[in-house]
Amino acid sequence: MRLSDLTKGDRGTIHGIEPSGHDGLHEIGHAELERRLLEMGFVEGASFEVLHEGLIGRDPMALQIDDMRVALRRKEAQAILVEPHR
Amino acid sequence: MSSEALVTRFALVGNPNSGKTALFNALTGSRQKVANYPGVTVERKAGTVLTPLGRHAVVLDLPGTYSLRARSPDEAVTRDLVLGQFAGEAAPDIIVCVADATNLRLVLRLALELKQVGRPMILALNMYDIAERQGIRIDLDGLARALGVPIVTTVAVRKRGLDALLREIDTLAADKIAAPSQWNAPTAAEIRQAHRNAEQILKQHVKPALRPDTWTGRLDNVLLHPVAGTAILLTILFLMFQAVFSWATPLMDLIDAGFASAGELVTNYLPAGLLQSFIADGLIAGVGSVLVFLPQILILFFFIILLEDFGYMARAAFLMDRLMGFAGLHGRAFIPLLSSFACAIPGIMSARVIDNKRDRLTTILVAPLTTCSARIPVYTLIISAFIPNRVVWGFASLQGLVMFGLYATGISGALIVAFILRRLLWRSATEPFLIELPAYKMPDPMNVLRGVMMRAQIFLRRAGTTITAMMVLIWFLSSFPAAPAGAEGPAIDYSFAGVLGHFLQPLLAPIGFSWQMTVALIPGLAAREVAIGALGTVYAVSGDAGDGTLASTLSHQWPLASALAFLAWYVFAPQCMSTLAVVRRETNSWTWPVVMFAYMITLAYLAAFIVYHLFSGVVL
């Protein structure tokens, strides 16, 4: 499952970073996107909760990730594989 | 000890929101200087401090970053400087990695990366009081051993821990050992490994908060709420504009009066002639017409810095991101566009917060379309002269509606042009929106004040150099050659500006501009509202829009269609040399000011043409 599929209140663990091939519209390229996400704390094993969503298209999304808060667009969230907690 | 040994340089490096700038301010106080790094438009903030052992230390406040792999020009400066690859600037002797003690995870990874650079390093755990209050227990000795760097704890806003930091600087400066740099841009695998190392260190030496900050979460529940949050943002913006326009007015009047009396003084004490005209009309009036915006700029930046320090600006970017995204702009473009309502110059300068070059250029190019306050006098004059003071739909003033319409046209113009620019020039996907939402913090009054003063300094320096030069040029064009003896028309008619006005008039005839209007546009290039003074000169009546003389003259001289076309022209036209000069500086190229001038003048011509033909023959 990808982070972009989740909604407010969902929790889980980051499982991997894998920018998908077909949505290849990230200006900076997949490798760079992966590194930037890693640098912002989206690293395997980190736990997260979706805190807030934007008004239009529920985009962007704000997350608690480990002990910090980060916002990103769903488009970028698509690159993040997650394991939701039930 | 030789005198050379008593000098050292250290650089503050850290994540954004680590309180790095507060630490810089606490260390250097008023002994700081802001300039630009040569060749790039990144601000170089340097200051000096005396260490306990009497070393004169130069402190550099480097742009905040999460990694030495630079993503923006700001971050590239941090990287190049730290690595000693910056032309004309030696590597710092010591690196001080500044960390928010309540949020160590990401900065530990940065610290591990900085260690590879090989320079002596200190980790400063800033905001340590907040960490203590939250019950975060940090084993300082263990952490220092694990990282292999000395650690000091600081509370920058209370000036705590500064001595300890400077003593550490003394110790490291005495050794002056720098190993060769082993740093390479880390690969994804290396970043993951560094995360694991940081995680390991964190687990061993830092116990999580016993009383974590719950305020940030509670505030975010309201401030990031899709509906309530957006409504609050709009309310904040509304209050901000109220303040910018109402608080600034008395100060602006004061500055205006000050420059007017200075001009009078010169007129009274200097013999009439070129020198008098140059000082009174060229220098004093010219510089005054720009300086009059200083109060608005200061108030605007006061709010922006206050909100930034509070931690709200990242939230504003979050709330606005999707809306800006429609136009192909980044959520962060919101701040520069907002500033442009006061004046496009600080707006364009604050576009530096945008990482991506294309996003920044798009923002810079459309910023002058938002209605800056220099347009207000022009709008007010024309509206009061031509739009009847009538109530429509039972509640709305027609004059107010026209004013609103002009603002709305400017904003939608900016968004549409951004949309088109993105598609025409850069047919590419957008930069990721990926920002940290920092914990809310009470802004420190001294830091806010210092930030506002710094903005003032930058604006004044610019007004003192580039803008003054432009003013003198415009004065020259409007004053030379002088009117011949016994001339009947106004003197400006005989000047280069007048000749140019007459020459250009046939070009502007299709949009309904008379030669007087055309001539007024030329001094109006200095600053938009100067056109009013110029119209006053041309019609040889008082240039004061307030007493109604000029307004009534205009209402008799201009057809309605021409007046409305003039308004439409003013929404889009690049009637501000200072803006173009700043764009030249910020983009470091002549291409972008030229592109800006070309597209804006085209839009202005088209808009004025359409309006003129739409309203020809219409009587209100």
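Applying 0.36 nm per residue to the separation of B:Trp215 and B:Ala185 and subtracting their alpha-carbon distance, the gain on full extension is 7.1 nm.
Summing Lys, Arg as +1 and Asp, Glu as -1, what charge do residues with Cβ under 13 Å from the Cβ of B:Ile383 carry, B:Ile383 excluded? Neighbour charge sum, excluding B:Ile383 itself: +2. Calculated on C-alpha atoms, the gyration radius of region B:201-316 divided by its Kirkwood radius gives an Rg/Rh of 1.33. Measuring nothing but alpha carbons in the protein assembly as shown and taking Rh as the Kirkwood radius, the Rg to Rh ratio lands at 1.02. With the highest mean first, a sort of the peptides B:359-371, B:221-233 on other beta-carbon atoms found within 10 angstrom per residue produces B:359-371, B:221-233.
Mean silhouette area of region B:354-414, derived from the convex hull of its C-alpha atoms and averaged over all directions, reads 5.2 nm².
Beta-bridge orientation, the protein assembly as shown: approximately 65 percent antiparallel, per DSSP, counting only bridges with both partners inside.
Taking the average, over residues, of other Cβ atoms within 10 Å as the packing measure, peptides B:73-83, B:588-598, B:406-416 rank B:73-83, B:406-416, B:588-598 from highest down.
Using 7 Å Cα-to-Cβ label points, what is the B:Phe476/B:Ala144 separation (nm, one decimal)? Placing both labels 7 Å along Cα→Cβ, they lie 6.2 nm apart. Placing unit charges on the Cβ atoms only, positive for Lys and Arg and negative for Asp and Glu, gives the protein assembly as shown a dipole magnitude near 860 debye about its Cα centre.
Legend: mean number of C-beta atoms from other chains within 10 angstrom of residue C-beta atoms, peptide A:70-83, equals 3. The Cα atoms of region B:16-145 define a convex hull whose projected area, averaged across directions, is 8.7 nm².
Output ³J(HN,Hα) for region B:353-366: one whole-Hz value per residue in order, computed from phi by the Karplus curve 6.51 cos²θ - 1.76 cosθ + 1.60 with θ = phi - 60°, and x for Gly and Pro. Result, rounded to whole Hz: 6, 8, 5, 7, 4, 5, 4, 5, 4, 4, 4, 4, 5, 9. Extent along the principal axes, Cα only, for chain B: 86, 59, 42 Å, with the longest axis given first. For A:Gly16, the residues 5 or more places off, or on other chains, whose built amide H falls under 5 Å of its own are A:Leu81.
A simple count of charges around B:Leu437, restricted to other residues whose Cβ falls under 9 Å of its Cβ and scoring Lys, Arg +1 and Asp, Glu -1, yields 0. Peptide A:34-47 has a mean shielding of 6, counted as Cβ atoms of other protein chains within 10 Å of each residue's Cβ.
Summing Cβ point charges (Lys, Arg +1; Asp, Glu -1) relative to the Cα centre of chain B gives a dipole of roughly 1700 debye. Region B:314-348 and region B:381-410 have Cα centres separated by 27 Å. Peptide B:102-109 shows a mean partner chain C-beta count of 3 within 10 Å per residue C-beta. Compared with the direct C-alpha span, the chain from B:Arg137 to B:His56 gains 25.7 nm at full extension, assuming 0.36 nm per residue. Our analysis of region A:3-84 gives Rg over Rh at 0.93, with the two radii drawn from alpha carbon positions and Rh computed by the Kirkwood formula.
Other residues lying with their Cβ under 9 Å from the Cβ of B:Gly64 contribute a combined charge of -1, Lys and Arg counting +1, Asp and Glu -1.
Once both labels are positioned 7 Å from their Cα atoms along Cα-to-Cβ, the gap between B:Glu264 and B:Trp393 label points is 4.5 nm.
Peptide packing for B:329-337, B:269-277 was compared via the average number of neighbouring C-beta atoms within 10 Å per residue; ordered from the highest value, the list is B:329-337, B:269-277.
Read-outs throughout are calculated quantities, based only on the coordinates presented, and are distinct from any laboratory measurement. In this text, all values refer to a predicted model and were calculated from it rather than measured experimentally. So basically every Cβ, Gly included, is an ideal-geometry build from the backbone, and we count neighbours across all protein chains shown.
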